[in-house]
Each structure stands twice: as C-alpha cells, then as structure tokens.
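The values are calculated or read from the model by the stated rules, or taken from the named source; none is laboratory data. Please read these numbers as outputs of a predicted model, since none were measured by experiment. For neighbour counting, all protein chains shown are included, and Cβ atoms are generated from backbone atoms with ideal geometry for every residue, glycine included.
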Amino acid sequence: MTDPTATETQGTKPAERYKTLTELLIDEYLQRLSRSGPDGMCYRSYIADWLYFERPMIDRFIGAEFNVQFEGPPVRIDGDEYPLGGFIERQIQWTRIIPEEAFALRQKLREVVDQTVREWMDGREFEFVPAIFEKPFADREAADAEAERQIRAFARPLPDFGEGL
C-alpha cells in the first residue's frame, strides 16, 4: 500500500507513467507498421479502417459474408459501453447503424462469440495463465514455422483432376 503522506517524485504520477508507457508503445507500433514482408502487411491491413473512418473503431467482427464495426470512443453508463454507432459491410456495400442498434448488435455478437467458444471448448483441456504483457514466443520464427506445419497437416489441397476441367 502506498503512503498517502509521501511526496510525489518525478515520473511517479499515474498520468506521467501512462504518458511514458504510451510513448513507448507508439514507437513499437510504428516499428511494426513499417516492417516489410507478411508481418508488416498484416499490421497495416489491421488498422486500415481506423485510418479511413473519422471515429476510432472499438470492436470489429468479421464474418464470411458480413463485417461489423463499432465506433467509439464508447460512452460509459453504469458499467456498460455504448458505441457511437457502427457499420455493417457486405462485399463492397455498407450501411450505417445508429447507437441504439449498434449497442444491441454488439451485445448479441459478444454473446454469440462467448457461446461459440464455450461449445468449441467443451471437452477440451486448456491451461489458462495470467494475462500479463510478455513476449509469448521465445523464438517467433520457430513458432511460426511450427504453426505453418500444423496448418499444412490439416488443410489439404484439393486433388488435381488433371487438365481439361
């Protein structure tokens, strides 16, 4: 517990610590965005909509036919977060949704995600560990190679039926 009578020292105020952490994260983000190759492409495509729209995106759900994005910053009332609105995108068309519709749809999508994950996890054993900020891979290149090997083991290519089809 902190001593309420202790004087603040430089850099110990929460706002100062937050500013320092944010500045460090911005540097890391810029380094990742400027990477060449597949990593850089994925990072840049992930934030493309944030750069395009005027409001920051607070949530995104990507389906096979529809993408749904919710705009912020959210308005917080009694523990609930209300998006300022949102978009439903279908192929190259989109429609805007008002805050009330956005709140209801976002809640429904979150419920569906939770239910789907619960059903998928049923009977599987997972070890959940504390969510702390650390690098998850001792060797990212080796972890990526192993993930690609696993994908190739289950994602079999279509058989070649020869020419003339």
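List of remarks:
- From the options Glu101, Glu125, residue that is of a type in the set (Asp, Glu) and either under 20 Å from Asp49 (Cα atoms) or without any contact (Cβ under 8 Å) to a residue 12 or more places away in the chain (or both): Glu125
- Among the criteria (1) surrounded by 12 or more Cβ atoms within 10 Å (Cβ to Cβ); (2) over 30 Å from Gly85 (Cα atoms); (3) modelled with pLDDT under 80, the one Asp49 does not fulfil is (2).
- Extreme residue, farthest from Pro38 (Cα to Cα), among residues of segment 131-155 that are of a type in the set (A, V, I, L, M) and not in a loop (DSSP other than H, G, I, E, B): Ala153
- Counting only strands (runs of 3 or more DSSP E) wholly contained in segment 23-118, the ones carrying 3 or more residues that are within 30 Å of Arg140 (Cα to Cα) and of a type outside the set (A, V, I, L, M) occupy 57-62.
- Selected residue (criterion: nearest to Leu24 (Cα to Cα)) from residues of segment 130-143 that are among the aliphatic types (A, V, I, L, M) and at pLDDT below 80: Ile132
- Filter result for Pro74 (assigned by TED's automatic domain parsing to the domain that holds Thr116, at pLDDT 85 or above, surrounded by 11 or more Cβ atoms within 10 Å (Cβ to Cβ) and out of contact with any helix residue (DSSP H, G or I) (no Cβ under 9 Å at 6 or more places or on another chain)): yes
- Residues of segment 14-44 satisfying the condition of being modelled with pLDDT of 85 or more and of a type in the set (Gly, Ala, Ser): Ser34, Ser36, Gly37, Gly40
- Gln93, sole failed condition from (1) within 25 Å of Val112 (Cβ to Cβ); (2) surrounded by 10 or more Cβ atoms within 10 Å (Cβ to Cβ): (2)
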